[in-house]
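Here is the structure we will look at, set down as structure tokens.
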Amino acid sequence: MIISRRDFLKNAAIGTAGIALLGSLPGCSENTQVPAETTVTKSDVPDVPIETLESDIVVVGSGMGGMAASISAAEKGAHVILLEKAGILGGGTNHAEVMFGYGSRFSKEMGIEYTKFEILKNEFEFHNYYVDTTLWERIVDVSGDCIDWFLDKVEPHGGGFFALLGNEGGLKVAHAFKPTQVSTKGLGQIVIMEEIARDLGVQIYTNYAAKEILMSDGAVSGVLVNTKKGTVQIKCKAVILATGGYAGNSEILKAHNRDMSQMAMRGCSTCTGDGMAMAHEVGAVERGSSSIQLLGASMHESIGLDTHINQATCNEPFAIWVNQDGVRYMPEGELIFTQAANAIDMQDATYAVFDSAQAKRFTTYKSVAGYGTYILPDTVLDKVESDIKELLDKKVEFAFTSDTIEGLADKMSIPTDAFAKTVSQYNEICKQGTDVDFGKRSSALNPISTPPYYGFKLYTNLLCTLGGIRINKNGQALDKNSMPIKGLYATGCDAGGFTGDTYGVNLPGSTQALALCLGRLSALHAVGSPIA
């Protein structure tokens, strides 16, 4: 059965009692979306506060960055209020698989060590040095200690990591989250961190949407919050923004000239740029690129990334990919994830096509590279044929079949003659054994000649965004004069300076690492115990 994660939190409730789930969630995919009604817009409530609270630090956002900041500050004796505008905790971390780290005790135990130079050179060259190299060096320097701190907290509760992974043969620096009874992804770690935070006295409020940072004499003095009961004012000395970027804001994405119709939301839909907007209003500036984290190809977002049909169409090299004109435009299966996503994004449409003979071959085929922790290497894709049947029986709008190439082109609404020519030319390439058009490996060349033929509309995986508020090495937000705004910090996807125009999947898990490390750096600086 094809499993979607659209409803995997339907029976979950996160509040003062934590998370309650009807059963465990092993093997479920990432497509968790928080209903829009969990947020409250500025026009819904009066501006006059109905209640005033006080705290040393207010943390806005409850993903890895927000949790790390809250726990770090509370450990030092600070009173912390953690705000989450959604009805559940975790944000983008709920969908995360891995976390980048260098020099952690876990990596040493696994016998994997790199030099700092290797790590930084790899990242800088990927981004053509259009990043703040001093900030990246800071993250690499502290990542090992931050991960060790994280492990000290979560391992006694069943959290932590189970493997070190590397994408596309790259550096093995991605610490894969250990599956828990709650989830195989980051959600399991969030549940544990919530319990730790509450035990330390952190006050956690869900359905509390921060809308404005208050300033007094050039320093943060509080925050205004929208709630379903009205506006709440919280007086504080510092605000740490961990709101997860703007992947859920279609207007900002469209302003970046991105085609939303080709994106499958695989991240947090309530990450709508709130942190950056509030920071801008009090003088914070942005620096460097702001990129949309698109990770490879995807079937429709209702289909889990852990399904065999998704793996067969998107991550294995045996299908051909054709665009809206019915022609191939890239070497299928030969590009790294982010390159494939960029290529898809530059077309108006993409379809993966193979025949019934290839569908049958998958029955005994073992995936070589796998797909993160969703499809592990050596997984036999023996459910492809049954997955196809299920999709066709359901008559979904993104799966097509025909006994003729021309009929398949008609159903996919692409030019018949061009598509027929593409298939004929590809079959000749398969006969010759050399892809003279795009250089796809010869072992992946299987002809499309046995009916029925199958076509599947492809999308890109929209995970999150990267880039935003300019910060210094302590996570402090900077103004136009590069001076810290006293009491204001930014973590994770709200912080700028770490990305070029494409997500650096060569260091997989970097987003979670930025959240963890900047969350700790910010909190410890805010309480007067900065990391040197």
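The values are calculated or read from the model by the stated rules, or taken from the named source; none is laboratory data. All of these numbers come straight from a predicted model, not from anything done at the bench. So basically every Cβ, Gly included, is an ideal-geometry build from the backbone, and we count neighbours across all protein chains shown. For accessibility, only protein heavy atoms count, side chains too; no ligands or nucleic acids. Shrake-Rupley method; radii C 1.70, N 1.55, O 1.52, S 1.80 Å.
The set of residues from segment 74-88 being basic (Lys, Arg) and crowded, with 24+ Cβ neighbours inside 10 Å comprises just one member, 85. Among the residues of segment 239-268, the ones that are among the polar types (S, T, N, Q) and open to solvent by 30 Å² or more (accessible area, probe 1.4 Å) come to 4 in all. Evaluated against (1) acidic (Asp, Glu); (2) in contact with a Gly (Cβ under 7 Å, 6 or more places away or on another chain); (3) open to solvent by 70 Å² or more (accessible area, probe 1.4 Å), residue 132 falls short on exactly one condition, (3).
Yes/no per residue for (1) more than 16 Å from residue 105 (Cα to Cα); (2) small (Gly, Ala, Ser); (3) touching a strand residue (DSSP E or B) at 6+ places or on another chain (Cβ under 8 Å):
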position	(1), (2), (3)
137	yes, no, no
143	no, yes, yes
147	no, no, yes
155	no, no, no
158	yes, yes, no
162	no, no, yes
165	no, no, yes
170	yes, yes, no
173	no, no, yes
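For residue 113, are the conditions met, namely being assigned to a loop (DSSP other than H, G, I, E, B), charged (D, E, K, R) and open to solvent by 20 Å² or more (accessible area, probe 1.4 Å)? For residue 113, the condition - assigned to a loop (DSSP other than H, G, I, E, B), charged (D, E, K, R) and open to solvent by 20 Å² or more (accessible area, probe 1.4 Å) - is met. Scanning segment 324-353 for residues that are outside any loop (DSSP other than H, G, I, E, B) and either free of Cβ contacts under 8 Å to residues at least 40 places away in the same chain or under 20 Å from residue 463 (Cα atoms) (or both) yields 337, 338, 339, 340, 341, 342, 343, 344, 345, 350.
Being without any contact (Cβ under 8 Å) to a residue 60 or more places away in the chain and at positive phi holds for only one residue in 497, 407, 492, 433, and it is 433. Evaluated against (1) in a strand (DSSP E or B); (2) open to solvent by less than 20 Å² (accessible area, probe 1.4 Å), residue 154 falls short on exactly one condition, (1). Between 247, 210, the distinction of being closer than 26 Å to residue 77 by Cα and either part of a loop (DSSP other than H, G, I, E, B) or touching a strand residue (DSSP E or B) at 6+ places or on another chain (Cβ under 8 Å) (or both) belongs to 210 only. Here residue 140 passes the criteria (1) without any contact (Cβ under 8 Å) to a residue 40 or more places away in the chain; (2) open to solvent by 10 Å² or more (accessible area, probe 1.4 Å) except the one numbered (2). Taking segment 511-532 as the range and being at pLDDT below 95 and closer than 16 Å to residue 177 by Cβ as the test, only 511 passes. Taking (1) farther than 30 Å from residue 270 by Cβ; (2) surrounded by 19 or more Cβ atoms within 10 Å (Cβ to Cβ) in turn, residue 466 satisfies each apart from (1).
In segment 286-314, of all residues being among the acidic types (Asp, Glu) and in a loop (DSSP other than H, G, I, E, B), the one that is farthest from residue 505 (Cα to Cα) corresponds to 301.
If only one of 292, 309, 303, 320 is crowded, with 18+ Cβ neighbours inside 10 Å, of a type in the set (Val, Ile, Thr) and within 27 Å of residue 492 (Cβ to Cβ), which one is it?
Answer to the check: 292.
Here residue 4 does not qualify as at pLDDT 95 or above, of a type in the set (Ser, Thr, Tyr) and assigned to a loop (DSSP other than H, G, I, E, B). For residue 438, the stated conditions hold: it is open to solvent by 50 Å² or more (accessible area, probe 1.4 Å), aromatic (Phe, Trp, Tyr) and farther than 30 Å from residue 284 by Cα. When the residues of segment 333-346 are filtered to those that are buried (at least 22 other Cβ atoms within 10 Å of the Cβ) and not polar (S, T, N, Q), the one that is modelled with the lowest pLDDT is 337. Selection of first residues in segment 297-308 that are within 16 Å of residue 261 (Cα to Cα) and of second residues that are among the polar types (S, T, N, Q) and open to solvent by 10 Å² or more (accessible area, probe 1.4 Å), restricted to Cβ pairs under 6 Å at least 6 apart or on distinct chains, gives the following pairs, ordered by first then second residue: 302/4. Taken over segment 283-325, the residue count meeting the criterion of being β-branched (Val, Ile, Thr) and under 30 Å from residue 213 (Cβ atoms) is 2. Scanning segment 279-324 for residues that are more than 26 Å from residue 443 (Cβ to Cβ) and either basic (Lys, Arg) or in contact with a helix residue (DSSP H, G or I) (Cβ under 6 Å, 6 or more places away or on another chain) (or both) turns up 287, 294, 303.
Pairing each residue of segment 412-430 that is among the aromatic types (Phe, Trp, Tyr) with any residue that is assigned to a helix (DSSP H, G or I) and open to solvent by 60 Å² or more (accessible area, probe 1.4 Å), provided the two are 6+ apart or on different chains, yields C-beta distances under 9 Å for 419/406. Residues in segment 401-418 that are within 14 Å of residue 322 (Cα to Cα) and part of a strand (DSSP E or B): none.
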